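Enquirer: Mind looking over this structure? Questions follow.
The values are calculated or read from the model by the stated rules, or taken from the named source; none is laboratory data. Because the structure is predicted, anything quoted here is derived from the model rather than measured. Glycine gets a Cβ as well: all are built from the backbone with ideal geometry, and neighbour counts include every protein chain shown. Only protein heavy atoms, including side chains, enter the accessible area calculation; ligands, DNA and RNA are left aside. Shrake-Rupley method; radii C 1.70, N 1.55, O 1.52, S 1.80 Å.
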Amino acid sequence: MTVQGVGASLSPAIGGWIAQKLGYPAAFLILGSFAIGSIMIWLWFSSSLKPACATKPDQSDAPLVPAPAT
């Protein structure tokens, strides 16, 4: 979440700086390349993420919130 927050806060700043120095087309292409790079990384590691997402949590754990009294 921290990395996502840092990226969300830096993207407009970096995009504005690039747009000011190089123009809007360059800013669009550079920031778009970051997005495509992220998708490529996600696709590359998706095979290792599938087993982690497919496992179910252990059902023997106690619930975090107690059940309401009736």
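Enquirer: Would you tally the residues in region 13-25 being modelled with pLDDT of 90 or more, surrounded by 10 or more Cβ atoms within 10 Å (Cβ to Cβ) and either out of contact with any helix residue (DSSP H, G or I) (no Cβ under 6 Å at 6 or more places or on another chain) or among the aromatic types (Phe, Trp, Tyr) (or both)?
Expert: Counting residues in region 13-25 that are modelled with pLDDT of 90 or more, surrounded by 10 or more Cβ atoms within 10 Å (Cβ to Cβ) and either out of contact with any helix residue (DSSP H, G or I) (no Cβ under 6 Å at 6 or more places or on another chain) or among the aromatic types (Phe, Trp, Tyr) (or both) gives 6.
Enquirer: Looking at region 1-23, I want the residues that are under 14 Å from Ser38 (Cβ atoms) and have a partner that is open to solvent by less than 60 Å² (accessible area, probe 1.4 Å) and of a type in the set (A, V, I, L, M, F, W, C) with Cβ atoms under 9 Å, at least 6 apart or on another chain. Which pairs are those?
Expert: Ser11/Leu31
Enquirer: From Leu49, Leu43, Leu10, Leu29, grab the single residue that is open to solvent by 100 Å² or more (accessible area, probe 1.4 Å) and among the aliphatic types (A, V, I, L, M). Before the answer, list the steps.
Expert: Working: Leu49 fails: open to solvent by 100 Å² or more (accessible area, probe 1.4 Å); Leu43 fails: open to solvent by 100 Å² or more (accessible area, probe 1.4 Å); Leu10 fails: open to solvent by 100 Å² or more (accessible area, probe 1.4 Å).
On inspection, the qualifying residue turns out to be Leu29.
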